[in-house]
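The values are calculated or read from the model by the stated rules, or taken from the named source; none is laboratory data. The model shown is predicted, which means the values in this text are computed figures rather than measured ones. Every residue, glycine as well, gets a Cβ built from its backbone with ideal geometry; the counts of neighbours run over all protein chains shown. When the accessible area is computed, the model is the full protein with side chains, heavy atoms only, and any ligands, DNA or RNA have been set aside. Shrake-Rupley method; radii C 1.70, N 1.55, O 1.52, S 1.80 Å.
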Amino acid sequence: MNLPDRPAHGPAPVDHRAEIKVETGRLVAALENADLTTPVPSCPGWTLADLVKHVGSVQRWFSALLHARIQEPPRSREVDLRLPGRHADYADWLAESATVAEDAFAATDPDQPMWAWGVDQHARFWARRMLFETLLHRADADLALGLPPTIDRPSAVDGIDEFLVNLPFATFFAPKVANLRGPGSTIRFRATDGNGDGDWVVRLRPDGFGLDTTLVPAHPADATVQGTASDLLLLVYGRRLHHDEELFALDGDKDLLTLWFANSAF
């Protein structure tokens with residue numbers, strides 16, 4: 001039976017493998033008639049061409065890792081990208097990258113034990129990670145083109161969870177994460193839409209940080225950030241500003257929130 005990938009922690013499962021195809025299609029559609037030399041403000045120094053190359057490369061590299069059933073950190077990121085020479089062909093190449101990923105998923109049991117840089121040491125980690133690489137950069141393209149990024153709520157909730165679960169393990173490519181320490185201070189992220197499934201508490205300890213599932217929703221945290229699931233996902237990834245009062249309600253220790261947002265986005 002072909003079941004959706006199930007995260008080890010968090011909200012109702014999203015079919016990450018199917019959603020990669022959907023999100024890639026949305027990015028391809030956004031690129032129609034777009035100038036690929038357009039700068040992407042949320043990815044400083046990138047153009048749309050750079051963004052497309054990155055997304056397709058990630059999909060093809062992760063697919064190679066899945067086919068190899070890696071059991072240790074990869075020593076190389078080299079993979080045959082088959083990148084076309086003309087920007088005009090980039091959209092078709094990106095669509096093909098999602099098909100390459102689809103083939104890798106079809107050949108891999110999501111419960112297959114594999115090395116992963118995050119908490120979930122199974123093949124499903126890579127499908128979940130690939131989805132949010134694709135989704136966030138699709139939102140980057142929307143922002144670059146002056147379009148409002150629309151994110152399906154289930155994916156937004158799952159994406160916030162995926163980000164917060166894996167962030168403690170991201171120091172090797174996001175070194176500022178090591179600054180997220182505290183004397184047990186807590187930050188709550190709460191989605192204001194939906195049925196209450198969007199509530200996370202992060203606890204900063206002297207030796208690190210992580211999700212705290214013991215703090216019940218009725219118990220106040222030291223600081224709280226509230227917004228829609230879609231806006232919260234863009235916020236934790238640094239695509240929204242936390243002090244935008246039209247989108248977010250902030251309560252509690254402002255210095256704690258400043259520490260978090262200065263060191264957590266990647």
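Brief remarks follow.
- Tensor-based shape of the stretch 49-163 (alpha-carbon gyration tensor, a/c under 1.5 rounded, otherwise prolate or oblate): oblate
- Under a Gaussian network description of the chain, with springs only between Cα atoms under 10 Å, the residue in Ser76, Ser97, Ser155 that fluctuates furthest is Ser76.
- Computing Rg and the Kirkwood Rh from the Cα coordinates of the stretch 142-266 gives a ratio, Rg/Rh, of 0.94.
- In this structure Glu133 has an accessible area near 40 Å², from a 1.4 Å probe over the protein heavy atoms.
- Proximal aspartates and glutamates relative to Lys254, as straight alpha-carbon distance under 12 Å, when same-chain residues fewer than 8 apart are discounted: Asp222
- Accessible carbon and sulfur surface of the chain relative to its total accessible area, %, 1.4 Å: 53
- Computed over the chain, the per-residue total of -39500 (n - 2.57) for DSSP H runs of n ≥ 4 gives a 222 nm mean residue ellipticity of -13500 deg cm²/dmol, rounded to 500.
- All lysines inside 29 Å of Lys21 as judged from Cα atoms, apart from same-chain residues fewer than 8 positions distant: Lys53
- In sequence order, the stretch 221-233 has phi-based couplings of 9, 5, 8, 9, 10, 10, x, 5, 4, 4, 5, 5, 4 Hz under the Karplus curve 6.51 cos²θ - 1.76 cosθ + 1.60, θ = phi - 60°, and Gly or Pro positions carry x.
- When the chain is treated as a GNM with alpha-carbon contacts under 10 Å, the residue of Ala64, Ala139, Ala107 showing the greatest mean-square fluctuation is Ala107.
- Note on the chain: with charges restricted to the Cβ of Lys and Arg (+1) and Asp and Glu (-1), its dipole about the Cα centre is near 620 debye.
- Between helix 254-263 and the chain there is an angle of about 20 degrees, using the helix long axis and the longest principal axis of the Cα atoms.
- Rounded to 5, the percent of DSSP beta bridges in the chain classed as antiparallel: 75
- Listed values [x] 18.5, 56; [y] 17.8, 51; [z] 20.9, 81 include one computed from this model; for Rg and Dmax of the Cα atoms in Å that value carries the label [x].
- Beta bridge orientation in the stretch 111-266: antiparallel %, DSSP, nearest 5: 75
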